[in-house]
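Report on the structure given below.
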Amino acid sequence: MRLAANLSWMYGHLPEQDRFAAAARDGFEGVEILLPYEQPPEWYADALRRHGLALVLFNTPIDAAPGHLGWAALPGAQAEFRRCFARALAVAQATGCTRIHVMAGDVRGLDARACRDALLQNLEHALGHARRLGLVLTLEALNRGDMAGYFYHLPSQAIDILRHFDTPHLRLQFDYYHCLRENLDLASAVREAAPWIGHAQIAGTPGRHEPELDRDGLAAAVSLLASLGYEGWLGCEYQPRADPAEGLRWCAPLRAQGLVA
């Protein structure tokens, strides 16, 4: 696995234009950005090129309510979803990023069947573009404590949607942090999810700071994912307690074991 810095979380204290240089200075080659829409797509492409970085993941756009957690699973919002997904495609094409996290949305108070039908319809549209452009779309379960009302809060619920399409262009975004916040057994969660994972992320609980590998079986769960064949990026999606570079000492044991680069 290779570590990727989430610029929005790790370097959010810096102006956006300075985050790229900071990540490169700290030794990262890959980065995630939550919402790269404040600037034109070419602005992000140029910043990545200048600092020798690859954008490995970003989210589809969000808006004010009702789209504050995305549009994909909101019935009657197909036009909004397509508008947002077109913006995401423009970023992907400008930057060369091949993974887009499709934000499903806050579905509190909505009919569950209608939400699922809307998600399937919107993903069918998005997958047509993903197949044509060689992209991978990801679905991520977000814990109920932080993201109340999100369409899925367990990896198994997202996997149900993946099984419906059964395509390499739609994969699971697996986050150790969200699993821990849902009190899941990490080893069991990893084993169930491993065949579907297209991107992984990590943070410590409960404060979403640097991971504490000696808690909650986290070190063993990262090792297990590697042993099951995952060779992709491991996104550092956390807020550092202090200096980001100093905080990276958490991953030294993983590097010593050859689990991350």
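Here the 3J(HN,Hα) profile of the stretch 201-213, calculated from phi with Karplus coefficients 6.51, -1.76 and 1.60 at θ = phi - 60°, is 9, 8, 6, x, 10, x, x, 6, 9, 4, x, 10, 5 Hz, Gly and Pro shown as x.
Hey, what number do you get for the chain at 222 nm if only DSSP H runs of n ≥ 4 count, each worth -39500 (n - 2.57), divided across all residues, to the nearest 500?
Calculated mean residue ellipticity at 222 nm is -12000 deg cm²/dmol.
For HIS51, the solvent-accessible surface computed with a 1.4 Å probe is close to 60 Å², ligands and nucleic acids excluded. Contact order, relative form, for the stretch 157-209: 42 percent (alpha carbon pairs under 8 Å, 6 or more residues apart, mean separation divided by residue count).
Using a probe radius of 1.4 Å on heavy atoms only, what accessible surface per residue do you get for the chain? Whole Å² is fine. If you can, show how the numbers build up before the last one.
Values: 10940 Å² over 261 residues.
Per residue, the chain has an accessible area of 42 Å².
What stretch of the chain, leaving out the sites themselves, is the longest with no trypsin sites (Lys or Arg not before Pro) in a DSSP loop having at most 12 other Cβ atoms within 10 Å?
The reported range is 1-107.
Counting 0.36 nm for each residue step from ARG255 to TRP43 and taking away their Cα separation leaves a gain of 73.0 nm. Using a 1.4 angstrom probe and counting only protein chains, how large is the accessible area of LEU228 in Å², to 10? Here the residue's solvent-accessible area equals roughly 90 Å².
What the phi angles of the stretch 137-150 give under the Karplus curve with 6.51, -1.76 and 1.60, with θ = phi - 60°, is a coupling list of 8, 10, 10, 10, 7, 10, 5, 6, x, 8, 10, 4, x, 4 Hz, glycine and proline written as x. Comparing LEU213, LEU142, LEU234, which has the greatest mean-square fluctuation in the GNM of the chain with Cα pairs linked when under 10 Å apart? Comparing LEU213, LEU142, LEU234 in a Gaussian network model of the chain, the most mobile one is LEU213.
Among the helices of the chain (complete DSSP H runs), which have Cα atoms covering no less than 20 Å along the helix axis and a Kyte-Doolittle mean of at least 0.0? Helices passing the filter in the chain: 78-95. Taking 7 Å steps out from each Cα toward its Cβ at ARG2 and ARG215 produces label points 3.0 nm apart. For the chain, the antiparallel share of DSSP beta bridges with both residues in that region comes to about 5%. Between HIS164 and GLN121, the modelled labels are 1.2 nm apart [label points 7 Å from Cα along Cα→Cβ].
The mean of 1/r over all pairs of different alpha-carbon atoms in the chain, once inverted, gives a Kirkwood hydrodynamic radius of 18.5 Å. Ranked from largest to smallest solvent-accessible area, with a 1.4 Å probe on the protein heavy atoms, MET147, MET10, MET1 come out as MET147, MET1, MET10. A simple rule links phi to the HN-Hα coupling: the Karplus curve 6.51 cos²θ - 1.76 cosθ + 1.60 with θ = phi - 60°, which for the stretch 244-252 gives x, 5, 5, x, 5, 4, 4, 8, 4 Hz, with x for Gly and Pro. Each part gets one Cα centre, and for the stretch 75-122 versus the stretch 179-248 those centres are 25 Å apart. Near PHE174, the amide H atoms lying under 5 Å from its own belong to GLY198, HIS199, ALA200, GLN201; only residues 5 or more places off or on other chains count, and H is placed 1.01 Å from N.
What's the FRET efficiency of ALA21 with ARG87 using the Cβ-Cβ distance as r and R₀ = 25 Å, to the nearest 0.05? The pair ALA21/ARG87 has a calculated efficiency of 0.45.
The values are calculated or read from the model by the stated rules, or taken from the named source; none is laboratory data. The model shown is predicted, which means the values in this text are computed figures rather than measured ones. Ideal geometry is used to build each Cβ from the backbone, glycine not excepted, and the neighbour counts take in all protein chains shown. Each accessible area value is taken on the protein alone, full model and side chains, heavy atoms only, with ligands, DNA and RNA left out. Shrake-Rupley method; radii C 1.70, N 1.55, O 1.52, S 1.80 Å.
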